Amino acid sequence: MAIFNLPKTHDEFYTLQFLIMFLIGFGINVYSNGQATLIFMQNEYDIKPDSSVYNLTPQYEMLQKYTNQTKYRNDWVQYVILILYFIVSPGVSFYYGFFVFKKGQWDDYNNV
């Protein structure tokens, strides 16, 4: 049972767009947490990702490896967000706009 009595095609469209926007928001949260971690590592331990610092203690080498992994994950999440926002979401809109939605589809629902 549909709450708003939407046609199935419109419900599918809104559901897909909601899921895409949810994933984008989740990705932004993950990205910002990773950036905050990298800023903390730089301010607290003076360790930057991919820096060429030699003669580190084992603890600092472990932190350097962690910052490198965090930077890699942040870059990956950023690319996923950009692909979802600029390619997938408009692609879904164009697909539904040109191939699924029909002219006059809302006429039956406006006259109720």
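Put simply, of S89, S51 the only residue that is among the polar types (S, T, N, Q), modelled with pLDDT under 95 and in contact with a helix residue (DSSP H, G or I) (Cβ under 9 Å, 6 or more places away or on another chain) is S51.
Checking each residue of the stretch 71-82 against the condition of being farther than 25 Å from I20 by Cβ and at pLDDT 95 or above gives at least one match.
List every residue pair whose Cβ atoms lie under 9 Å apart, where the two residues are 6 or more positions apart in sequence or sit on different chains, the first residue falls within the stretch 8-24 and is under 12 Å from Y85 (Cβ atoms), and the second residue, located anywhere, is surrounded by 13 or more Cβ atoms within 10 Å (Cβ to Cβ) and among the polar types (S, T, N, Q). If the second residue must be surrounded by 13 or more Cβ atoms within 10 Å (Cβ to Cβ) and among the polar types (S, T, N, Q), the pairs left are Q17/S89; Q17/S93; I20/S89; M21/S89; I24/S89. When Y79 is tested against the conditions (1) under 30 Å from V92 (Cβ atoms); (2) surrounded by 12 or more Cβ atoms within 10 Å (Cβ to Cβ), the lone failure is (2). Looking only at residues of the stretch 35-46 that are surrounded by 13 or more Cβ atoms within 10 Å (Cβ to Cβ) and modelled with pLDDT of 90 or more, we find that the one that is farthest from L19 (Cα to Cα) is Q42.
The values are calculated or read from the model by the stated rules, or taken from the named source; none is laboratory data. Here the structure is a predicted model, which is why all the values come from computation and not from measurement. Note that each Cβ is placed from the backbone with ideal geometry, even for glycine, and that neighbours are counted across all protein chains shown.
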